[in-house]
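Participant: Encoded as structure tokens, here's the structure I'll be asking about.
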Amino acid sequence: METSKRERIEQQLLRLVFMVIFGVVLRLSVLLTGLLAVVQWIWRWFQSDDNERLRGFCRALGRYQHQVSDFLLFNVDDKPFPFSDWPSDDLAEPEDD
């Protein structure tokens, strides 16, 4: 009994460490989102067409932020990138697990 309780405590502490790390990553990704919004606006100001690669990355970044939020809020136990694949940037809806 004592071993399983200790293992559970160690797992919770390890999750706390990952939550702090991913919390920082989420804050940085929100800053990156703001920067990308400015870049997108400047791009549209000078170009008449969209930058599809940039839009695809922004779409994937939003999905990544969703994955990090799900992990932080205990909706999932799977750790996001780099412990899993980077989210897809296609227009199809992401699969719910």
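Derivation of every value follows stated rules applied to the coordinates shown; laboratory data play no part. Predicted, not measured: the structure shown is a model, and the values here were computed from it. Here the Cβ is made from the backbone with ideal geometry for all residues, glycine too, and neighbour counts use every protein chain on show.
Participant: Gain in length, R63 to V30, computed as 0.36 nm per residue apart minus the alpha-carbon separation, to one decimal in nm?
Facilitator: Between R63 and V30, full extension yields 10.7 nm more.
Participant: Given [x] 70; [y] 32; [z] 47 as candidate values of percent of Cα pairs over 21 Å apart, which corresponds to the one derived from the coordinates?
Facilitator: [z]
Participant: Hey, another quick one. Using Cα atoms only, what is the angle between the long axis of helix 2-46 and the major principal axis of the chain, expressed in degrees (0 to 90) to the nearest 10?
Facilitator: 10 degrees
Participant: Restricting to DSSP loop positions (anything but H, G, I, E, B) with no more than 15 other Cβ atoms inside 10 Å of their own Cβ, which chymotrypsin sites (Phe, Trp or Tyr not before Pro) remain in the chain?
Facilitator: Passing both the DSSP loop test and the Cβ count: F74, F83.
Participant: Per DSSP H run of at least 4 residues, take -39500 (n - 2.57); add these up for the chain, divide by its residues and hand me the 222 nm value, nearest 500 deg cm²/dmol.
Facilitator: The helix-only estimate for the chain comes to -25000 deg cm²/dmol at 222 nm.
Participant: Give me the extension gain from E10 to N51: residue separation times 0.36 nm, minus the current Cα-Cα distance, reported in nm with one decimal.
Facilitator: So the chain would gain 10.2 nm between E10 and N51.
Participant: Using Cα springs under 10 Å in a Gaussian network model of the chain, which residue among L32, L13, L54 shows the largest mean-square fluctuation?
Facilitator: Comparing L32, L13, L54 in a Gaussian network model of the chain, the most mobile one is L13.
Participant: Where does helix 52-72 land angle-wise versus the long Cα axis of the chain, in degrees 0 to 90, nearest 10?
Facilitator: Long axis of 52-72 versus the principal axis of the chain: about 20 degrees.
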